[in-house]
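The values are calculated or read from the model by the stated rules, or taken from the named source; none is laboratory data. Since we're looking at a predicted model, the values are computed, not measured. Backbone-built Cβ (ideal geometry, glycine too); neighbour counts: all protein chains shown.
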2 protein chains.
Amino acid sequence: MKKTSKVPDATIERLARYSRPLEILLKSDTRLISSEKLAKSCGVNPAQVRKDLAYFGEFGVRGVGYDVSVLLAEIKKILATDREWRLCIVGVGNLGSALVANENFGKRGYNVVAAFDSDPKKIGAILPCGLKIEPSKKIITAVTSLEIEIGVITTPPQTAQSVADLLMEAGIKAILNFAPIQVKAPECCTVENVDFTIKLEKLAYHLAKVPLEPKP
Amino acid sequence: MKKTSKVPDATIERLARYSRPLEILLKSDTRLISSEKLAKSCGVNPAQVRKDLAYFGEFGVRGVGYDVSVLLAEIKKILATDREWRLCIVGVGNLGSALVANENFGKRGYNVVAAFDSDPKKIGAILPCGLKIEPSKKIITAVTSLEIEIGVITTPPQTAQSVADLLMEAGIKAILNFAPIQVKAPECCTVENVDFTIKLEKLAYHLAKVPLEPKP
DNA sequence: ATTCACATGTGCAACATTTCACAATGTCCT
DNA sequence: AGGACATTGTGAAATGTTGCACATGTGAAT
């Protein structure tokens, strides 16, 4: 293939998922992995793995498999996670501060360089990581001066859209939204939603769907 | 249709999404909504809305639209969110405690009734909500005695699978996993993953993909 | 009563994604 | 050097999902 014709969104998501076991394998002594084993550890079909990778090139060796470190490096290159990213967080409530403290961000090169809130009681406070909470009004100037590329929204749903608008006005092209609401944005700005209340409702649906308990 | 033949997973997810604006509309004075308006506020196609609903029945009135309160009630019935659910949280780190405190849970009928951790320093501590942190070893007995139906995993990735196994051994049939790893489970147990590092990587991919800035 | 405007419900076609199956191609062993 | 073996890369089929377009039904106005 080699042509980045039209890569399905699901493929991108899976590439990221593939990288998790690869990172673990890299730390252990494993040098090689087959599409079958990688697929199994991610719960997908082996052909799927190969097809996903085929969108971007030929990274394996026939009859042998994939070199773990090469494959991981290629995936990181594709996803552009082989570099550092600067992000800001808007809404420093329970969830927001937990995310700022979350090690998974920094470990993967996502650096929170600013935190905003509109609550006067919070503004000026210093977070455990050393970051000072700024008023939301400063978003536009701060995004520019700090060269922030990704905005994370952890406000209540009512204010999520206006925050998103502010971020976009500041030139942000990528938003990670934790508020349980559909944030509207033009094509040029990518929005990813993390709504665990939806996931809970899916679980509830599945739980209720299988009430047929075989009686002993 | 009327037959719950084979409802796509995406449909369930969208039903949950539809309920968000409906809740807001219900609080305001709006009584009626068309598939077109509902679709727009959720960023989907109007036909999609109708098709999703058609899997479960005919809830609208032709020429008129949908009664907001009726539709919301039906969706809640479908998703089984018209009742309370009991859940436990395993791993009381930053994220875990933020989730326990998160209002979105209780507001929607998801009650955290137990919290577990394996860190001796944390065991016995009382959370702001009044819950005492129990050792992970007690999961099996507690799940049974407290009739817990959903397990939430917020441990580091290394321990996520063993925690999941423990939960399943205790009879749990639904798991919400926040650890950035693919948790393996038999068919009978539904697992939903919330991995925001994957979302960040998707954002990074999209950001890097559009570097063609039109020069003025 | 009849007609008009409107919005649902749905068959069907278009599109997208996943899986299969096998040719291509590399490694290793004799 | 050559054959056996393993595993990739990929065309094509199967499967799943989305969107169009229109028939169907409803309410309101004349």
TODO: Scan segment B:80-102 for residues that are assigned to a helix (DSSP H, G or I) and either surrounded by fewer than 18 Cβ atoms within 10 Å (Cβ to Cβ) or touching a Cys at 6+ places or on another chain (Cβ under 8 Å) (or both) and report the count.
DONE: 2
- [ ] Filter segment B:89-127 for residues that are modelled with pLDDT of 95 or more and among the basic types (Lys, Arg) and give the result.
- [x] B:LYS121, B:LYS122
Task: Of residues in segment B:178-201 being part of a loop (DSSP other than H, G, I, E, B) and among the hydrophobic types (A, V, I, L, M, F, W, C), the one surrounded by the fewest Cβ atoms within 10 Å (Cβ to Cβ) - done: B:CYS188
- [ ] Could you identify the single residue in A:ILE133, A:ILE123, A:ILE172 that is part of a loop (DSSP other than H, G, I, E, B), more than 11 Å from chain B (Cβ to nearest Cβ) and among the aliphatic types (A, V, I, L, M)?
- [x] A:ILE123
- [ ] Could you please let me know if B:ASP117 is of a type in the set (D, E, K, R) and surrounded by fewer than 18 Cβ atoms within 10 Å (Cβ to Cβ)?
- [x] no
- [ ] State whether one or more residues within segment A:4-13 are within 14 Å of DNA strand C (Cβ to nearest atom), touching an Asp or Glu at 6+ places or on another chain (Cβ under 9 Å) and of a type in the set (Gly, Ala, Ser).
- [x] yes
Open item on the list: Of all residues being within 19 Å of A:HIS206 (Cα to Cα) and more than 14 Å from every other protein chain (Cβ to nearest Cβ) in segment B:54-84, which is farthest from DNA strand D (Cβ to nearest atom)? Just the residue, please.
Closed with: B:ALA73
Task: Selected residue (criterion: farthest from DNA strand C (Cβ to nearest atom)) from residues of segment A:43-53 that are within 14 Å of another protein chain (Cβ to nearest Cβ) and among the aliphatic types (A, V, I, L, M) - done: A:VAL49
Task: Among the candidates A:LYS2, A:LYS77, residue that is surrounded by fewer than 18 Cβ atoms within 10 Å (Cβ to Cβ) and at pLDDT below 95 - done: A:LYS2
Task: Checking B:VAL112 against (1) more than 14 Å from the chain's Cα centre (by Cα); (2) of a type in the set (A, V, I, L, M); (3) crowded, with 18+ Cβ neighbours inside 10 Å, the condition it does not meet - done: (1)
Task: Every pair of residues 6+ apart whose Cβ atoms lie under 8 Å, when the first sits in segment A:5-24 and is more than 18 Å from B:ILE181 (Cβ to Cβ) and in a helix (DSSP H, G or I) while the second is more than 16 Å from DNA strand D (Cβ to nearest atom) and among the basic types (Lys, Arg) - done: A:ASP9/B:LYS202; A:ILE12/B:LYS202
Task: Pick from segment A:27-50, criterion in a loop (DSSP other than H, G, I, E, B) and within 13 Å of A:ASP67 (Cα to Cα), ranking: farthest from DNA strand D (Cβ to nearest atom) - done: A:ASP29
Task: Tally of residues being without any contact (Cβ under 8 Å) to a residue 24 or more places away in the chain and at the interface with another protein chain (Cβ under 9 Å from one of its Cβ atoms) across segment B:85-106 - done: 6
Task: Top-ranked residue in segment A:156-177 [being among the polar types (S, T, N, Q) and under 20 Å from B:TYR18 (Cα atoms); ranked as surrounded by the most Cβ atoms within 10 Å (Cβ to Cβ)] - done: A:ASN177
TODO: Report, ordered by the first and then the second residue, all pairs with beta carbons closer than 6 Å, sequence separation of six or more or different chains, a first member in segment A:38-65 that is more than 20 Å from A:LYS6 (Cβ to Cβ), and a second member that is more than 8 Å from DNA strand C (Cβ to nearest atom) and among the β-branched types (Val, Ile, Thr).
DONE: A:LEU38/A:VAL49; A:ALA39/A:VAL49; A:GLY65/A:ILE33
